[in-house]
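The values are calculated or read from the model by the stated rules, or taken from the named source; none is laboratory data. Source: prediction; values computed, not measured. Methodologically, a virtual Cβ is constructed for each residue, glycine included, from the backbone with ideal geometry; neighbour enumeration extends over all protein chains shown. Calculation scope for accessible area: heavy atoms of the full protein, side chains included, ligands and nucleic acids excluded. Shrake-Rupley method; radii C 1.70, N 1.55, O 1.52, S 1.80 Å.
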Amino acid sequence: MTPRSLFAVVLALLLAACASPLSLKPGTSIEEARSTLGRPTAEIRLPDGGTRLQYSGQPNYQSVVNADFDAQGRLRIVEEMMTDESFARVRAGKDTQADVLRDFGRPAETFHYRLSNETAFMYRYLAFGGFRAAMYIYFDPAGVVTRTETGLDPWSIGGGNRDH
């Protein structure tokens with residue numbers, strides 16, 4: 001391999017490594033986003049006819065990024081969902097498991113509590129101040145949010161993957 005071709009390969013690998021949903025610019029086409037970022041972890045039809053490409057690092061990493069495209073396939077907004085601000089938008093008594101899955105993707109873990117007859121989704125994220133947190137979103141038997149709670153990520157207090 002010539003030095004020039006080696007440089008081209010290294011440059012291509014570096015550019016691919018830098019590809020992130022957060023680097024997309026408004027107006028980017030959905031085809032270009034798929035080509036640049038690869039296959040999303042979920043593709044969701046939005047009520048307004050648009051499409052959400054969701055890129056999740058759960059269960060091992062504290063990132064879920066939603067890229068929302070309008071009905072014409074142009075990027076409207078890109079948002080990191082694993083933030084205190086995003087979790088604060090979850091509405092007890094209104095939002096359902098389907099709403100939470102649409103906005104935050106598949107949880108890192110799911111818990112079933114027999115005594116309280118609830119289910120909880122747990123998401124790993126970096127909370128305000130940079131500490132490793134876990135957001136627990138609880139649902140009643142009908143799948144409606146009852147409450148949310150923030151705690152330490154169990155991996156940060158012993159066990160689990162510490163490489164992130």
Neighbours by Cβ (under 9 Å, 6+ apart or cross-chain): first from the range 73-89, farther than 11 Å from residue 148 by Cβ and part of a strand (DSSP E or B); second among the acidic types (Asp, Glu) and open to solvent by 50 Å² or more (accessible area, probe 1.4 Å)
75/32
Could we say that residue 83 is among the β-branched types (Val, Ile, Thr), more than 16 Å from the chain's Cα centre (by Cα) and surrounded by 10 or more Cβ atoms within 10 Å (Cβ to Cβ) here?
no
Tell me which of these residue 158 doesn't satisfy, since it passes every other one: (1) buried (at least 18 other Cβ atoms within 10 Å of the Cβ); (2) at pLDDT below 95.
(1)
Of the residues in the range 110-135, how many are open to solvent by 70 Å² or more (accessible area, probe 1.4 Å) and either part of a strand (DSSP E or B) or among the hydroxyl-bearing types (Ser, Thr, Tyr) (or both)?
3
Is the range 37-49 home to any residue that is of a type in the set (A, V, I, L, M, F, W, C), modelled with pLDDT under 95 and either more than 12 Å from the chain's Cα centre (by Cα) or open to solvent by 70 Å² or more (accessible area, probe 1.4 Å) (or both)?
yes
Which ones in the range 39-61 are without any contact (Cβ under 8 Å) to a residue 12 or more places away in the chain and in a strand (DSSP E or B)?
43, 45
